[in-house]
Structure formats: C-alpha cells, structure tokens
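*Asks:* This structure is in structure tokens; I'll ask about it shortly.
The values are calculated or read from the model by the stated rules, or taken from the named source; none is laboratory data. Computed from a predicted model, the values in this text were never measured in an experiment. In this analysis, Cβ positions are derived from the backbone assuming ideal geometry, glycine residues included, and neighbour counts consider all displayed protein chains. SASA here: full protein model, heavy atoms, side chains in, ligands and nucleic acids out. Shrake-Rupley method; radii C 1.70, N 1.55, O 1.52, S 1.80 Å.
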Amino acid sequence: MSAVLSVEGLRVQFDHPLGAVHAVDDVSFTLDANERLGLAGESGSGKSTMALAILRMIRPPGRITGGRVTLDGTELSALDHEAMRRLRLAGIAMVPQGSMNSLNPVMRIRDQLADAFRDHGVALSAPELHARVAELLRTVGLRPDVADLYPHELSGGMKQRACIAIAICLRPKVIIADEPTSALDVVVQRQVMETLARVQRDLGCAIILVGHDMGLMAQFVDRLGVMYAGRLVEVAPIAEIITTPRHPYTQALISSLPSLAARGTMQGIPGLAPLLRDLPSGCAFHPRCPRAEDRCRSEKPAVRTLAPSHQAACHFA
Amino acid sequence: MRGLIRYFRRNLSLLVGSSLLLLLVVFVVTGHFVVDVEDARALSVRPLQPPSWRYPFGTDRQGRDLLAVMVAGTPLTLRIGFIAGILGVAIGTVLAFAAAYYRGWADTIIRGIADIGLTVPGLLVLIIIAVGIRGGLSVNQMALVVASLAWLNPTRTIRAQVLSLRERGYVEIARMSGMSGPAIIFFELMPNLLPYLAATLVNAVSSAILASIGLEVLGLGPIDAPTLGMTLYWVNFNAAMINGWWWWWLAPTVIIVLVFLGLFFVTVGLDEYANPRLRKSA
Amino acid sequence: MRMIDIVRRCGVFAVIVLLAASLNFFLPKLSGQDPVRTKLLQQAALGGYVHQGIDDMVKLYEKRFGLDRPLWEQYFNYLGDVARLDFNYSIANYPRTVAEMITEAIPWTIGLLSMTTLLSFVIGTLLGALLAWPRAPRWMAWLMPPLWALHAIPFFLLGLILMYLLAFQVPLLPIFGGYSVGVQPALSLAFVLDVVRHATLPALSIILVSIGGWALGMRGMMVTTMGEDYVVFAEGKGLRSLTIFLRYCLRNAILPQITALALALGQILSGAVLVEVIFGYPGIGTLLFQAIRENDHFLIQGIVFTVIVALGLATLILDLVYPLLDPRITYQRS
Amino acid sequence: MAQDSKTATHPMPSRRALLKASVLAGTAIALPWQAPEGGAHAQPAAPPRNRTMILSWSGREGRWVDFELWNPYSIGANHQNGPNLIYEPLAYYSAFADKTYMWLAESYKFAPDFKQLTIKTRPGITWSDGAPFSAEDVAFTLNSLRDLGPKVRWGVDVHQAVEKATATDANTVVVDFKIPSPRFFFFMTYKYDIGVYIVPKHIFAGQDFTTFKHFDIAKGWPVTTGPWQVTQATPQQKVFDRRAKWWAAERGLAPLPAVERNIWLPFAGEQQTAQLLITNQLDAGTGMQPATFPTLFRQNPKIITHAGQKSPYGYMDWWPISLYLNNEVKPFDRKEVRWALSNYIDRDQLIDVAYLGACTPSKLPMPQYPPLQPYFDSVKDLLAKHDTNGFDPKKGDALLSGAGFKKDSGGFWADAAGKRVNVDIIGFGGSGPAMGPVLVEMFKRRGIESSLGLPPDFDDRFQKGQYTGSIYGHGGSINEPYATLRLYQGSSIAVPGGHQVNFARWKNAAYDKLVDEMFAVAPDNTRKLVEIFRAAMEIWLPELPDIQLVQNYHRIPMNTTYWKNWPTAENPYVNGAHWHLTFPMVLWNLQPA
C-alpha cells in the first residue's frame, strides 16, 4: 500500500515574549490509504496542534517552522493560499474536537453544508443541494429534516454526526478527527465512532484519529502514534504497541489502563505533564521516567526504527 | 520595577495612558511653582493678551492668566471626576456585591433600581438636580451632583462580574470550607476583581468628568471656580472663537483632550490586564 | 416565539412605562420649585410694570393646571392624561401644548440622530471587524489610534473644534439651525440638500466620536468569536476568507452590537442635548434644555416620558426581533 | 436515542423575509422626517434680497416656540416676538425724538379731574380682513382687559383704573376711571415695551383671550391694522409680507414700507449671529457683546450700530443696571453697608473689563434721556453729596468700621459676632456673566466675602426675595420720573392693591406718600413733578436701596448692505430695538441701499 499522506520533520513553534515554544517538534509519519492512524497523548502534547499544522491552520503567534506534508504526491507547503484552502475538506477534512460548539450557531445545518459546496466550486441547484444534503445526513445516520434545524436544536451526538457529514461531503482522501467524541456520553461515543468507521470504509479514505482515550483507540485504529511534549515518541500497529510498548511513556499509558477490553483514560502516570515553554533537557520525559539515567538528561533520543513498522524515540527502546 | 517596565512594554495602552496623566500631573505641579495661581482670578492681569513669554497661555477677557487658570483648574476638574468616580464605584461595589452575592430580593431591588435609573437620561437628571440646588454650586457640590448618578453603571457591571466569579471553583471551595459571606467577598472575590474595579473606576472618573464639563458648558457649574468646563463656558459666552482669541480655548481644549485620552488609554490598558483574552492573541 | 411571550414582553414594556411615568411625575416635584409663578413673574417683568394681584393670578393658573389638588389626585389625573398622550399645556408657552411642541422637535432629532447613529454603527462595526481580521490590509491598523483618540473626546468639544475649523476658519458649513435662512420647507431636492448641509457639522461631531466606540466593541467581540470552535472548523472546511469573515465571524460577533445599537437608538432622543444646544439644532435636545431653564414642568415631563418610552420601545422591538437574528433565543419559560 | 431527543420543530423559513421586511419598514419610518412641518402654505414669490429684511431675535436655543401665538394677550405670547409689528396702537411715542405720533387715535382729552378720558379714533381705517376699524374695537379691548384683570398682560393696569369704556359713536370712546388716571393715555401709547394692543372685536369677541391663538394663515389670521401679514410661522422662522394696501400710507401718515418681507429668525447664539451678519445673511441682530463689534466691523464694514462703529456700539436703554441688595437680609438692611459696598466698586474698571469700555456708569435708576434731564439737574447738589458712582475704598472701610464691623483674621469684614459680610450675587442673561465675576473679585479684594451664581430660575429667586445680591435693571421712567419712583414704593394707597415690584425690598413711609402724591400730578406738570422728585430723592439718596452700576446699552448691529436709514445717533428718530413696540417706525423709515 502506498502512503496517501506523509509527514516529515514537521515543526510548529509558538512565539512568546518569554521564549519560543515548540509545540510540534520534528514529527514524521506516513499514512496509508484506507488506514486508520491514532495519535494519542496527554493534553498539551501537541497532537491537536499537529492536526492543525497538517491543514496549515496554525494561527499567529504560532507558525510552522519546518517539515513537509505530502498528500498524494502534492507537497502542501508549496501550495499557495488559495490552493491550500481548496485542498481542505476536498483533500483533507477535519472532524472537529468536541463539536459542541463547532457548528455556526446562527446557520441551519443545510446552509453550513451549502457553504462548503459553494466555496469549493461545486455548483448545485436548490433541489440538487437538497438531495445531496439529505443523502449526506442519511449517510451519517441523521434524518434529512435535520438540515433545517439550527445547531442548538441538535443533541451532542447529532451535532457530531452533522460535522462528519460536512467532513465527508467532498469525499476527502484523509479525515483528521480531533477528539471527535470528547464531550459525548459513552453510548453516543460509540455510535459516533461507528458512524465514523462506516463512512471511512464507504469512502475508502484514510483517517487520523486524535485522542487520549486509549480504549477507544484500541478498538478503532490500525496503527497508533504516541506523542509526548511535541514529539512523536512511538509509532506501531495497534496490536503490537499494546502488547509490547517500547517507550516508557507508552508503557505507562498502557499499564494505566484497567484492562484492555474495557475503556478507560490515562491515569496514574506519576508526575505532571511538562510545560512546553520550559521543557526538560535531553529526553523531555526523563523527570517522570522510572528508567531515566544521566544520558537521558543530556541527550535527546532520536527516533529509531525497531521493527519494520515500529519506531520509538528512547535510548533504551 | 523591571517587571513593571516589562509589563508596560507589553501593555502599550496602559503606558500611553499613564504617561499622559503623568504629564498633566507634572504640568500642574511645576505650574504651581512657575505661576501664581491667584492669577486665575479675574482682574489679576491685563485682559486679552495673546500668548507671550510673560503669559505663555495668554490671558482672558476678565483678566485671568490662562496658565494659572489651567494650573488651578485642571486639578479641580480632576477632583470633581475623582470624587464622583470614587463615590460611584464605592457605592456601586457595595451594592453589586450585596446583590450578586446574596441574590434574592436584595438583588431584585438593586438591579431593578439600577436598570431603571439607567433608562432615565443621565444628563437630564443632572441638569434638573443642578438647577434645583439653590445658591452657587461649589466644586465639591458639583462632584456630589455628578456622583448622584455615577453609581448606576458600576453597580450593574460589577454585579455581572461578581456573578461570574462566584461560580468559580475556589469560591465554592471557600464556601464549603465554612468561610462566611463577607470573608469570601473580601478574601476571595475582591483580590480577583481588583483590576476590574480599577478599570471601572477609571471609567467612572472619565464619565463623571464628561458629565461635569457638560453641565459647566451649559452654565450650570460652579461659576466662581476656574475649572476646565467653566473656562469653556466663558469662551462660549464671550464668543472667543469668532473674535479670534484662539488661545483662550486652545489650552482648555488640549488639556481636556489629554485628560480624556489619558483616562481612556488607562481603561483600555486595565481592561487588557483584567481580561487577558483581549490581548492580541489573534 | 409564541403569543404568550409577545404578550409578556409587552407587559414588561407597560410596567417600564408606568414606572417611568411615575418617576417622571414625582422627580420634578422634589425640586420644590414653583414653575407657574416663576413664569408669570417673568412675563410681568418683561413689561416693566408688574401686575398687582399676582398671587391671585398664580392661584388661578395653579387651579387650571391642577396644581392645587392633593398629590394623589394630581398623580392619577396625570396618568390618565399620559395614557391619552395628553401632556397638558406648556406652562412657558401657554396655550401651546406639550404634545405639539414635542411633535415639532422630534423629526429633527430622529432625523439627525438616527442617521448619525446608524452611520457610525455601520462604519464603526465594519472597521472594528476588519481590525480584528488578520487578512485585513495592514494600513488599517493605523486607523485605530486616531479612532480611539476621537472616541475619548467629548463630542461637544469636538463640535466646537469642528465649528472653528469648518465654519470659521474655512467657512464651508453652516453652524446652526435646521435649514437656511428664508428657505421654505418643501419636499424638494434643494431643501433636502440644505437640511443635510445644516446637519453635517453636528452629525460629523457625533459620528467621529462614536465610530471609535463601535469599532472598539466590535473588535473585542471579533477577537472572542475568532477563537470559537466553529470558526476553526469553518477554516477547516476550506471556506473562503470572506465567507468565514462575513457569515461566521461577523454574523456572530455582531449580535451584542445589535443589542447595543437598539439601546443607542432608544437613547437618540436624549443623547445629544449638548450637540443640539451648541449647534442650535431645532430638536428635542434644545427643547428640553429650554424647558429646564424655564422650569416648564409639563414640557419636561412630556419630553422625559417620550424619551423613556422611546427607550422602552427600542428594547421591546429588540426583544421581539432578536430571535430572528439569533435563533438560539427562543422565549421559553425557564 | 440521541437522535430523537429533539424532533424537528417547524422551521422558520420566514426569518430572512421577516428581517428584510423589518429593515424596509424601519427605512420607511426613518425617511419622511424631512417632510416639512406646518406653515407651508401657498406663498407669494420671494421678493429680492434688497427688499427683504432679515433679523435675528429672541427665540430660545435657536427655535421659536411661540410661532403659533399671534394673539398678544395669550399667556405664552410676547409682543417682542412679532405681534409688535402687526398690532397698531392708539399712538406711538419716540423717547429719542420726544415726540408723540397719534395713530389709530386722532386726539384725546382728559376731564379736569382725570376721571374721564375721551378718545377720538381716525375714520376710514380697516382691518386686514376688510372689516372697518372703529371705536367699538377700542372699547371692546379696554372692557375685556378690565374684566380679565390679572389673567392677561395689562389687565391689572386697566382693571385698576377703568370703570368702563363706551363707544359713543363710531369714532369716539369715552373711558370712565375709578381713580384719577392722568397717565392712562400714555400707558396705552406704544413705547419700549409698554402699550395696549388694540384687537379686532369681530374676531376676538367670544374668544378666551388667554388661549386664543389667532393663527390661521389660510384664513388670513392674524387680523390686524398694520401693514404686515403673517405668511409663514414655524419654529425656524416667522415671515411677514407687506400688504398691498395700508390705511396709514393712504392717509399719508407714513410711507408704504420699502421692506416687502420681514423674516424673523430665532437667536441661536452670539457666534452664529455674528457669522450671519458678516456674510450678509442678516440685516439686524441682537444680544452681541461689546467685544464682538470690532470683529464684526473688521469683517463686514457695512455693519453699523446706533453709535456708528464706535463704542459703546449702541444706544442707552431705559433699563439702568444695579447691584440689588436685599434690604430685608442682614446686614444689607443697613445703609452704611450698602454705601460701603458702593464705594468699593470701581465703575471705570468694571466698565473696562466687563464691557471693554463700551458702557457708561449710571447715577440714578433711570436713563439720562433728554426729557428726564430736568430731574437729574434738580438733584445735582444731592448727588455731589451722595455720590452714587463714587469709588472710595477708604470711605467704605470707614463706613463699615463706624457701623461696628471689623476685619477678621482672614482679612474679611465681619460683624461683632464674627459673621462675615457675604454678598452672594445672582445674575442672568448678558449682564450677570459680564459683570458678576468682576464685582465678586472687587469685593473679595476689599475684604467682602462674595460669590456668583447664574441660576436658571433667576427670576423666581430674585422676585421672591430669595437672594442677597442681584444684578438687574430698572424698567421705569422715560420722560417723567413717576414710573421709576414707583419701583421703590413699599406700599401704595393711591393705586389699590399691594405693590410688589420693589425688588430691593426697601421701605420708607414718607417716600411712599410722596410717590402717591405724584400719581395724581399730570405728566406734563414738570414744575410740580420736579418738586416732588427732589423731595423723594432727599430720602432715597442717603438710603441707597440698590447700588447703581451702569447704563444698559442696546447694542444692535445693523447691516447697511441692503438697508439704510437705520435709527442712529445722528438720526435718532426712535430707538432701534426690533423687539420694542415702536419697531414699525423703523421699518417704514428703512430705504433700500
């Protein structure tokens, strides 16, 4: 399988009067067509920033300071503003975080879909639009008349489905779903994830799922990347990473789960997540790492390939 | 101190505002050494002299040295503003806390009064009050007249702030740990509100000065006092503009503009401090 | 919105009007002045000969105006009159009625102030929105300091400065009145242009000062709105900048501005007393000022009442229209 | 499950439509404000500018509020704002020319005991609606005023004097008096602000004088005998057009005025008026400060005043200005205090600063007009002894010391109990703000505590005696001293009813008697009047009820660009005030330039 999306050495920096912050620090990975990749990490680990960086949506004072993102052979950083805009949604779509507040509160769902068509040059007559919208809504499991409602008239799950409907409306190659279920209750979470999985299959697109719910990840993704302090510290197929995590941080994450089958969130990793502004020297994880040695304090571990599909950034991996 | 300087560099509005106000203070203080403020009274100097070395701001038709008038009048105008502003915010704060913290009927009554009070056009009420007071107005009376309405707005806005603050976690914790209402207000809410209160105060001072100058220009102020607004009243009464006595209105105009600009930028700066979300993050 | 809600809003409006009317009735009483007597003495003094038996005359008129009856009776009479929009005679300009005088003045004030308020709202709001929009031209950033500076200047002072510059130094614009000397009011283009020319100076001083306020408020709202998830998502949808700007940011950020606009429109009757007085504009402001100076009890009451009703009406209309602007608001009993 | 938490409610597709509709409705409401307001009736074509006379006067804050009131007796009306132009009197009197012009009346005759007056009116006069003017109109006016009494202007004066007025034939009115009234015809004569307006009986009969507006342009109202017809009246302007025919012109009493249209604008402020004068949009204005005149002359050399282009830029009004002290308030009840304060005032400096020198001091509370000169002359020696214009601080100090006052530690005069002498001065209009600050400063510098206020309810306070000091004038004598002396009467027996014009609240029984005695003396009996006047001044001068300050000047800028032959010092046919009842005389004298 060939990579539909590849990210090489991506860096995002936030300028701050008290010093620059590297929110994404030299991250590389690839995504195959039809693949589901998970990106996990504590909040502040840079996973959401990276999602935005792929879409070139970092706002000042943040900026992308290095790296290449290639979609289907097109290098995104080379695109001009307008081409990049057109690529969003059509090439890479996002399903927003939380989504309680991701829909414009003063527009009907239909209009928010119509916006997307129109601004991507898809000219639709009113009946065509009606049909397309109804179809899309049905795809995500919503009744067509939802199109005439305002976001506040929808429940959380319905809103998120509406967001998914928007995300797939131009049949993108990649969907980036940033914690798509974070504000939903458990049952709804499952329904939404199933919807997401279905549309991914139907569309045949790749998906990047960003989140911190390891249980959810385990059920959904093919491959999992773990981020810590702006770096991708370990990537491996999901089964492999759960059975044999190589990075101490991943190990801590995995072991903190009550059981693999049961869902649960990361808990119980000793110490606090580091401030990106004030990162420890060497390996950023060393203050919390049970295996830390002097080398860890001084030397930043490089990403090493441990197995054909398994990379990790740890001196001891 | 260096932290302060650094903060100022980030919060330009606050820097500009305080510099302008400082400039006025310097002007008034040095003015008191340079010029005899008694010359702010009529019949003191030769009338209608354009600016010269002797009278840098010129003199008016009734023989006041305009430099002396500005030196004496600027603090008077500021005094009206500060008395009214401080009274307004003080009353407003007490009422707002009472209303927002205890809710219930106290809230209903206080909010009701403030809301209705705000619908009545302010200047109109002030004019009626100013007309109603018999005998010449003194500067302090003037301040009280203006203060009579200056508490309405602070009451409303501070109440809203307190309402949002009291929902925060630390207030909840304080309440659960058995702290009394007043103690929570003083030790928990107050410190967090201080920057906001400061901004409200500066705002109130600014509105009070605006109202007082408005009344004075209409001839309803302290006729005897050389305040900035009264100076404008005399400018208007004597048709100084059409008669080409430009210096007569130039000085008070510039100073009033400086006062308002200074206060305005300080408010903006304090707002930025109190509400960092407004900082230019976008 | 259901009927019951409309009825309820109207009820609130009625209560505000009643409260305002009552306040309006009692407040001037507190000043303890004797308007009829003052006016009669003024009249008498004009002739040099002062009427004898002036006290009889005062009594006569107090009786005619009902000032000799007990307070509660006066109050109920007053409420009855107000309900019929009868604000009695003007004491100072008897037998002209207060309603007549207000009717004359109101079109001028509404004309001047609604135009200036709307203009400054539109310009200021757009400017504020653009100032917060990262894709706006760079030079726009330089607009803000002068706008802020103007915003901080009292508008009557700006009026004086403009008068000096545009009327005395360069005699471009008329400095007083609603239209030119000797002109016949008529519905002709020439007359309308003349009215506009006369309104230019007062309008300019109001607009220049208020634009800054609107811009400032809008900029703040825009900054907040642009951080909202739906704007981020809109960008993720690959929408055009203009679409995001207009339909996502501006459309939402403008809602609080609309609330403020309604209040500002409600206050137009009382907002510009000073500007009107300085420019001798024949509106409600000058009428009010003159009524206060003459202690014209009934005229003051009439104007204040009108002003408060205007404000209440603005709030009522806002309440009724707002759900159309913001679909989240539905009046359901909470 | 989440799915059906809410069912789709009925959509509101009409929202946008509603929005649009409301915007449209709003625009529709906002637009028609420019529609003209009342008074836009069919008008004769506008005459050329040099046949049009535009003046600015009165009004308040730039608008006429009484534009509908053309019945001069209605309560809110004021003859100064237009009715003076159209209602004609029985006779005019010009104080400057000291000349009476018989007008609607041809002659009059008093009975020897002054208890009856017979007036002959001119035959052949018509009202503007064509109805003939007759003695009936005069009798109707007088009898109505008598019955109305205090309800209308002049009613009290007529009510006190007149028993009844009878039209014995079409041109004869016999007026029977209750008391001897030797000044009654002069009272009816137009001069300054005093004179009885004669109204048409056929219109006013059955109307309530107090509320009747007498305004309906379509009907040709107001109906008057004068040459002017009101053709437009709005808050912005009052327009009077010349009628084609005027009885006085046909009679040769006066020429048909060259002015074809009068436009009266409300006064909108000094700077505004000055600008209009400079740009020739205005032919006459008022309310100008002395300091503005040099600017006016510089920018428009065609502007003149009664005194040409020289100080004091006007003529002396009948209204000399005093510093009133409330004689009922301690310590101003003591003549020593009043005289001391008078001696602290440097009138030259006062005039210099307050009026830039364009004024003159006033010795007695009446104007120094030629007919009054004999009375001034008769008290020359008394004035030398009691110099009402004297500036002598030492004398003032001595008077206060002599009366038991001492300077306290702060350097201010105080009484034995330590209470400071405190003059809180109130003022109004032009004179208050002009002289007030100067007087306050002069007093303070002499150790008298003083302050100034310009209360909006000045009249109320002043007339109720709620003041200690007040800057105000005297509307009294013009050609003989009775009216002025009457201003100081504590009470009057000759004229029934309490007399209340005594603003200074000074009382002296002997003085009152002298004034009552003068009441019955015919106004042309100068010798007797001089005798009583001197006796009264012998009481008045040592007491000095109020402190004499300055003469009042009417500083009226008159524009000669379009009109000449304005009344001036060289050609003083009448005083030029366009608000006075004699202004029609100016209008028929004006010639196009």
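*Asks:* Step by step: first the residues of the stretch C:248-262, then only those that are touching a residue at least 12 places away in the same chain (Cβ under 8 Å) and facing chain A (nearest Cβ under 9 Å), then the one that is nearest to C:GLY213 (Cα to Cα). Which residue is that?
*Replies:* Per the stated criteria, the residue is C:LEU255.
*Asks:* State all residues of the stretch A:138-165 that are farther than 22 Å from A:VAL186 by Cα and either hydrophobic (A, V, I, L, M, F, W, C) or buried (at least 17 other Cβ atoms within 10 Å of the Cβ) (or both); if no residue qualifies, say none.
*Replies:* A:VAL146, A:ALA147, A:ASP148, A:LEU149, A:TYR150, listed by residue number.
*Asks:* I'm trying to understand the selection: among the residues of the stretch C:300-322, which are among the hydrophobic types (A, V, I, L, M, F, W, C), within 9 Å of another protein chain (Cβ to nearest Cβ) and within 27 Å of C:TYR75 (Cβ to Cβ)?
*Replies:* Within the stretch C:300-322, C:ILE300, C:ILE303, C:VAL304, C:VAL307, C:ILE308, C:LEU311 qualify.
*Asks:* Right, next: Among the residues of the stretch D:291-342, how many are touching a Gly at 6+ places or on another chain (Cβ under 7 Å) and assigned to a loop (DSSP other than H, G, I, E, B)?
*Replies:* 8
This table checks each residue for (1) within 30 Å of C:GLY227 (Cα to Cα); (2) open to solvent by less than 20 Å² (accessible area, probe 1.4 Å).
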| position | (1), (2) |
| --- | --- |
| C:SER90 | no, yes |
| C:GLY111 | no, yes |
| C:PRO145 | yes, no |
| C:PHE168 | no, no |
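*Asks:* Is it the case that B:PRO226 is open to solvent by 20 Å² or more (accessible area, probe 1.4 Å), at pLDDT below 85 and more than 9 Å from chain C (Cβ to nearest Cβ)?
*Replies:* Spelling it out, it is not the case that B:PRO226 is open to solvent by 20 Å² or more (accessible area, probe 1.4 Å), at pLDDT below 85 and more than 9 Å from chain C (Cβ to nearest Cβ).
*Asks:* On the basis of being touching a residue at least 24 places away in the same chain (Cβ under 8 Å), out of contact with any strand residue (DSSP E or B) (no Cβ under 9 Å at 6 or more places or on another chain), closer than 21 Å to C:SER114 by Cα and among the hydrophobic types (A, V, I, L, M, F, W, C), does C:LEU131 make the cut?
*Replies:* no
*Asks:* Anything in the stretch D:402-436 that is open to solvent by less than 50 Å² (accessible area, probe 1.4 Å) and under 15 Å from D:ARG334 (Cβ atoms)? List them, or say none.
*Replies:* D:ALA403, D:GLY404, D:PHE405, D:TRP413, D:ALA414, D:VAL421, D:VAL423
*Asks:* So is B:GLY117 on the phi > 0 side of the Ramachandran plot and open to solvent by less than 30 Å² (accessible area, probe 1.4 Å) or not?
*Replies:* So B:GLY117 fails the test.
*Asks:* Within the stretch D:171-191, is there a residue that is over 27 Å from the mean Cα position of the chain (by Cα), modelled with pLDDT of 95 or more, open to solvent by 20 Å² or more (accessible area, probe 1.4 Å) and not polar (S, T, N, Q)?
*Replies:* yes
*Asks:* Taking the residues in the stretch B:145-180 that are of a type in the set (Lys, Arg) and open to solvent by less than 50 Å² (accessible area, probe 1.4 Å) as candidates, determine which candidate is farthest from B:ALA84 (Cα to Cα).
*Replies:* Here the residue is B:ARG166.
*Asks:* Could you check, for the stretch C:264-280, whether at least one of its residues is away from chain D (no Cβ under 14 Å), touching a residue at least 12 places away in the same chain (Cβ under 8 Å) and hydroxyl-bearing (Ser, Thr, Tyr)?
*Replies:* Yes: the stretch C:264-280 contains one or more residues that are away from chain D (no Cβ under 14 Å), touching a residue at least 12 places away in the same chain (Cβ under 8 Å) and hydroxyl-bearing (Ser, Thr, Tyr).
*Asks:* On the given criteria, is D:MET316 modelled with pLDDT under 95, more than 26 Å from D:THR52 (Cα to Cα) and under 19 Å from the mean Cα position of the chain (by Cα)?
*Replies:* yes
*Asks:* What number goes with the only condition from (1) open to solvent by 10 Å² or more (accessible area, probe 1.4 Å); (2) in contact with a helix residue (DSSP H, G or I) (Cβ under 8 Å, 6 or more places away or on another chain); (3) within 14 Å of chain C (Cβ to nearest Cβ); (4) without any contact (Cβ under 8 Å) to a residue 60 or more places away in the chain that D:ASP208 does not pass?
*Replies:* Exception for D:ASP208: condition (2).
For (1) over 17 Å from the mean Cα position of the chain (by Cα); (2) open to solvent by less than 30 Å² (accessible area, probe 1.4 Å); (3) among the hydroxyl-bearing types (Ser, Thr, Tyr); (4) under 21 Å from D:PRO374 (Cα atoms), each residue gets a yes or a no:
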{"site": "D:GLU531", "(1), (2), (3), (4)": "yes, no, no, yes"}
{"site": "D:GLU538", "(1), (2), (3), (4)": "yes, no, no, yes"}
{"site": "D:PRO542", "(1), (2), (3), (4)": "yes, no, no, yes"}
{"site": "D:PRO545", "(1), (2), (3), (4)": "yes, yes, no, no"}
{"site": "D:GLY576", "(1), (2), (3), (4)": "no, yes, no, no"}
{"site": "D:LEU581", "(1), (2), (3), (4)": "no, yes, no, no"}
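*Asks:* Identify, please: which residue in the stretch B:24-71 is without any contact (Cβ under 8 Å) to a residue 40 or more places away in the chain and of a type in the set (Asp, Glu) and is, among those, farthest from B:ILE223 (Cα to Cα)?
*Replies:* The extreme case among them is B:ASP36.
Here is a yes/no grid of residues against (1) within 11 Å of chain C (Cβ to nearest Cβ); (2) surrounded by 24 or more Cβ atoms within 10 Å (Cβ to Cβ); (3) assigned to a helix (DSSP H, G or I):
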| residue | (1), (2), (3) |
| --- | --- |
| D:VAL438 | no, no, yes |
| D:PHE443 | no, yes, yes |
| D:GLY447 | no, no, no |
| D:GLN463 | yes, no, yes |
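*Asks:* Moving on to the next point. Just the residues that are open to solvent by less than 10 Å² (accessible area, probe 1.4 Å), among the small types (Gly, Ala, Ser) and in contact (Cβ under 8 Å) with a residue 12 or more places away in the chain, please, taken from the stretch D:66-99.
*Replies:* D:SER74, D:GLY82, D:ALA91, D:SER94, D:ALA95 - these are the residues of the stretch D:66-99 that are open to solvent by less than 10 Å² (accessible area, probe 1.4 Å), among the small types (Gly, Ala, Ser) and in contact (Cβ under 8 Å) with a residue 12 or more places away in the chain.
*Asks:* Right, another one. Being of a type in the set (A, V, I, L, M), within 14 Å of chain B (Cβ to nearest Cβ) and under 25 Å from the mean Cα position of the chain (by Cα): is that true of C:ILE123 here?
*Replies:* Numbers: of a type in the set (A, V, I, L, M): yes; within 14 Å of chain B (Cβ to nearest Cβ): no; under 25 Å from the mean Cα position of the chain (by Cα): yes.
No.
*Asks:* Okay, next question. Would you confirm whether any residue within the stretch B:74-88 is surrounded by 21 or more Cβ atoms within 10 Å (Cβ to Cβ) and of a type in the set (Ser, Thr, Tyr)?
*Replies:* Among the residues of the stretch B:74-88, at least one is surrounded by 21 or more Cβ atoms within 10 Å (Cβ to Cβ) and of a type in the set (Ser, Thr, Tyr), which makes the answer yes.
*Asks:* Next up: Of the conditions (1) open to solvent by less than 10 Å² (accessible area, probe 1.4 Å); (2) outside any helix (DSSP H, G or I); (3) not basic (Lys, Arg), B:VAL69 fails just one. Which one is it?
*Replies:* (2)
*Asks:* Quick check on my filter: what residues within the stretch D:465-486 are touching a strand residue (DSSP E or B) at 6+ places or on another chain (Cβ under 9 Å), part of a loop (DSSP other than H, G, I, E, B) and farther than 27 Å from B:ILE127 by Cα?
*Replies:* The answer is D:HIS474, D:GLY475, D:ILE478, D:ASN479.
*Asks:* If I filter the stretch D:284-325 down to residues being more than 14 Å from chain B (Cβ to nearest Cβ) and of a type in the set (S, T, N, Q), which single residue comes out as surrounded by the fewest Cβ atoms within 10 Å (Cβ to Cβ)?
*Replies:* D:GLN309
*Asks:* Please go through the stretch D:232-279 and pick out each residue that is outside any loop (DSSP other than H, G, I, E, B), in contact (Cβ under 8 Å) with a residue 40 or more places away in the chain and among the basic types (Lys, Arg).
*Replies:* D:LYS238, D:ARG251, D:ARG261
*Asks:* Of the conditions (1) under 28 Å from D:ILE198 (Cβ atoms); (2) modelled with pLDDT under 90; (3) in contact with a Gly (Cβ under 8 Å, 6 or more places away or on another chain), D:HIS554 clears all except one; give me its number.
*Replies:* (2) is the only condition that D:HIS554 fails.
*Asks:* Give the number of residues within the stretch A:193-232 that are assigned to a helix (DSSP H, G or I) and β-branched (Val, Ile, Thr).
*Replies:* So the answer is 2.
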